[in-house]
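Read the structure below first, then the notes.
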Amino acid sequence: MPAVCAAAALTCWGAAGPLTIIHVGIHQIEDGPAVGDQVKFVPGETVYLSFDVQNFFETNQQSVSVSWVVDAADPKGVPIIEPAHGKKEANLAPEDKQWMPRIRQSITVPSPAPGGTYSVHIQITDDNSKQTAEADTKFMVSGPELRPAKALEIRAFGFYRTEDEPQPLIAATFSPGNTMFSRFQIIGYKYGPKNAIEVTYGISIVDPTGKVVYTQDPAVEEKSAAFYPRPYIDSNMSLSLQPGTKAGDYTMVITARDKVGNQTAEVRKPFHVE
């Protein structure tokens with residue numbers, strides 16, 4: 001027997017069962033094969049979600065209307081996107097008895113972002129019957145596992161011979177005329193309104209006698225705001241050693257300042273000039 005749609009007072013064709021979300025898939029490319037949790041996405045990559053809606057109601061005018069909301073969160077449960085809303089409407093013909101709404105939604109992984117298991121929550125509403133249904137899925141992201149920081153901190157510092165070298169030098173030894181590359185992360189800064197951050201960092205070089213022979217502070221300013229709170233700052237610096245630089249043991253000093261949280265952090269890393 002036909003059912004009466006709640007609120008809208010529309011006559012609806014009965015459904016075979018409760019409204020249900022089926023065929024949930026995670027894809028690397030839109031309409032590509034489902035990859036589930038067998039593929040790790042990278043920060044900045046787009047994740048494609050798809051699902052079908054089963055047991056929706058159809059009005060006596062053969063009209064279908066379903067709405068959805070998709071939420072996604074990082075491994076700690078922090079939302080990575082604003083709730084994504086959508087709606088799909090269709091007018092069916094008698095031969096469309098096997099048709100089901102196919103929903104597609106894209107989700108962009110923030111960059112930077114931590115690695116781990118990300119969660120996706122789907123809620124669907126049949127606009128005719130006012131029934132709702134929910135489903136959950138997940139996807140994997142390749143990235144660092146972040147150790148919490150109670151205060152501003154400079155971590156994972158390394159010297160490198162080239163800009164793209166994957167592993168840091170075990171012994172940081174350079175010759176006059178070389179370019180020194182360094183990479184590190186800044187974490188533990190505070191957030192302002194709309195997850196705003198304002199962090200600066202600078203560099204100084206101390207010679208074997210303890211004298212500061214070079215300084216640039218600030219050298220870089222990181223200022224941004226975003227829906228997803230930026231978990232860390234990936235930083236890199238380069239400095240060319242002047243020809244004629246005297247041999248000896250030097251120290252690179254990196255100083256970071258968090259203007260929102262009024263914090264300062266410093267690391268001192270030795271290197272040798274031969």
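In the range 119-137, of all residues being charged (D, E, K, R) and surrounded by 14 or more Cβ atoms within 10 Å (Cβ to Cβ), the one that is farthest from residue 37 (Cα to Cα) corresponds to 127. Among residues of the range 73-89 being part of a strand (DSSP E or B) and in contact with a Pro (Cβ under 7 Å, 6 or more places away or on another chain), the one that is modelled with the lowest pLDDT is 88. None of 111, 63, 50 is farther than 20 Å from residue 31 by Cα, surrounded by 15 or more Cβ atoms within 10 Å (Cβ to Cβ) and of a type outside the set (D, E, K, R) except 63. Of all residues in the range 105-134, exactly one satisfies the criterion of being assigned to a loop (DSSP other than H, G, I, E, B) and β-branched (Val, Ile, Thr), namely 109. Residues in the range 21-49 that are part of a strand (DSSP E or B), within 19 Å of the chain's Cα centre (by Cα) and not aromatic (Phe, Trp, Tyr) were compared, and the one that is farthest from residue 122 (Cα to Cα) is 40.
The values are calculated or read from the model by the stated rules, or taken from the named source; none is laboratory data. All of these numbers come straight from a predicted model, not from anything done at the bench. Quick reminder, even Gly has a Cβ in these numbers, built from the backbone with ideal geometry, and neighbours come from all protein chains shown.
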